[in-house]
Structure formats: structure tokens, C-alpha cells
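A quick write-up on the structure given underneath.
The values are calculated or read from the model by the stated rules, or taken from the named source; none is laboratory data. Note that the coordinates shown come from a computational prediction; the quantities given were computed from them, not determined experimentally. FYI the Cβ positions are ideal-geometry reconstructions off the backbone, even for glycines, and counts take in every protein chain you see.
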Amino acid sequence: MLKSLKAFLKPSKTIPKVSWSNSGSNWSVKPYPFLVLVLGLWIFGTGEAMLINSSIGVSPWTVLAEGVAKQLSVGIGVATFIVGTLVLLLWIPLKQKPGFGTLANIVVIAAAIELGLLIIPEVNNLALKVFYVLFGILLVGIGSALYITCGLGTGPRDGLMTGLHYRTGVRVGRVRLGIEVVALTTGALLGGSLGVGTALFALLIGQSVAISLGVLGRLTSK
């Protein structure tokens, strides 16, 4: 039983092709991939909202956005847009192309975070705060795997992850871990806030995404 569970949760070394994977243009949106895309992005945003409401640390990219906001004296929303634009520029040497999913990433995740912050209650108990962080990381991993496998274009961060994975051959989990650590370090140097949840996210998000990709690949392979 334990061995079977371990095999089922084995991390994926690449991006699997699944039943909803789009085989056409990143802008050719069919109903099934569209629904999975929106679901994945919504789960992702809900996970981010849980991290924020834990109040013990946000994701490294939010730390980076906070740092940029402080340095440029702009709002967190403007800073997030600036960071996203700069990350998109890194796609050029990696030959990554944006798609419908890239734009949906911005809109759906933002909406999910806003609604999540309204619905998900804040907690004062430390154990519940840690649960929020761990469950949030799980949701971000599942959401990432769902919308990446749609093949409709990834968001800025995940596009960088998949681009580096394909160009270098390094495992998805390791690539994601490296990206999160760089974002976290840069954000901290710029004045972004850190917490236990931030460290846990940086350490665990790579495996969360890789395991989710592996499970999806085994459950719904083409």
C-alpha cells in the first residue's frame, strides 16, 4: 500500500501530455482546456490567498513585488506588473511564446486572490497558520500543474520555469526551486518582508508542482 502510494506520488521529471492538453495554437481555445485552465488558475489564486491570510510569510514573488514597490514608491499592483513584464522579457532567449493562458493568468489569479481574501478567515492559532501555508503550497502546485498542462501559454513565472526546463534538461522541481530562491533573495535585498511561510514556499513549491504534474500524468495521460 505504502509502495503504491509512493509510486503514485512520484514527481514528474517533465511536463506530461494529458487529455486536455492543447495541440494547436496557444490562442486556439477549446471549451475543455479553457475550463481546466480557469480551474487551475483559480486554485492557484486561492492557494496564494491562503498564504497571505496565514500572516506568517508570503510567496517569494510577492516578497519581490513588495521590494520593488518600496524601491520605486509604487503600489504592490504596479510592482507586480513590472516584475511580470521583466520576467516575460526573459522568455525571449528561451524562445517561450505567450498565449491565451498568459493573459488569463493575470486576470483569473487576481480575481481568485481577491475573493479568497474575503472568504478565507484569518487565523491566530500558530498550528492553523502553518496549515494555511502548507495547504496553500499544495493548492499552488495543483493549480500550476493544471493550467501548465493545458498548453495555452503559461504565466510569467511558470513560462520561465518550463523554458529553463526545456533548454537545460534540469528537472522541473529543481528549476522551480532555483527560480523561487532567486526571487526571494532579490526581494529581501530590496526590502520585501519575509516569514516562515516564505521559506516553506521556496523549499516546497518545486516538489508540489512536480508531484502534481506526475499525478495528473498518471491519471489522465493521452
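When each of 152, 219 is tested for being over 18 Å from residue 53 (Cα atoms), crowded, with 19+ Cβ neighbours inside 10 Å and not basic (Lys, Arg), the lone residue that passes is 152.
Among the residues making up segment 139-162, a single one is in a loop (DSSP other than H, G, I, E, B), of a type in the set (Val, Ile, Thr) and at pLDDT 85 or above: 149.
On the given criteria, is residue 201 among the aromatic types (Phe, Trp, Tyr), more than 20 Å from residue 63 (Cβ to Cβ) and outside any loop (DSSP other than H, G, I, E, B)?
no
If the condition is being more than 19 Å from residue 178 (Cβ to Cβ), surrounded by 13 or more Cβ atoms within 10 Å (Cβ to Cβ) and over 15 Å from the mean Cα position of the chain (by Cα), then segment 79-94 contributes 79, 81, 82. When 43, 106 are checked against the criterion of being β-branched (Val, Ile, Thr) and at pLDDT below 85, a single residue qualifies: 106. Summed over segment 179-205, residues that are of a type outside the set (Val, Ile, Thr), under 23 Å from residue 148 (Cβ atoms) and surrounded by fewer than 16 Cβ atoms within 10 Å (Cβ to Cβ) total 1.
I'm trying to understand the selection: among the residues of segment 163-198, which are in contact (Cβ under 8 Å) with a residue 24 or more places away in the chain, among the polar types (S, T, N, Q) and assigned to a helix (DSSP H, G or I)? Hits for segment 163-198 are 186, 198. Take the residues in segment 8-48 that are within 20 Å of residue 109 (Cβ to Cβ) and either basic (Lys, Arg) or assigned to a loop (DSSP other than H, G, I, E, B) (or both); name whichever of them is nearest to the chain's Cα centre (by Cα). Checked segment 8-48; the qualifying residue nearest to the chain's Cα centre (by Cα) is 15.
Scoring residue 118 on the criteria (1) surrounded by 18 or more Cβ atoms within 10 Å (Cβ to Cβ); (2) free of Cβ contacts under 8 Å to residues at least 12 places away in the same chain leaves a single failure, condition (1).
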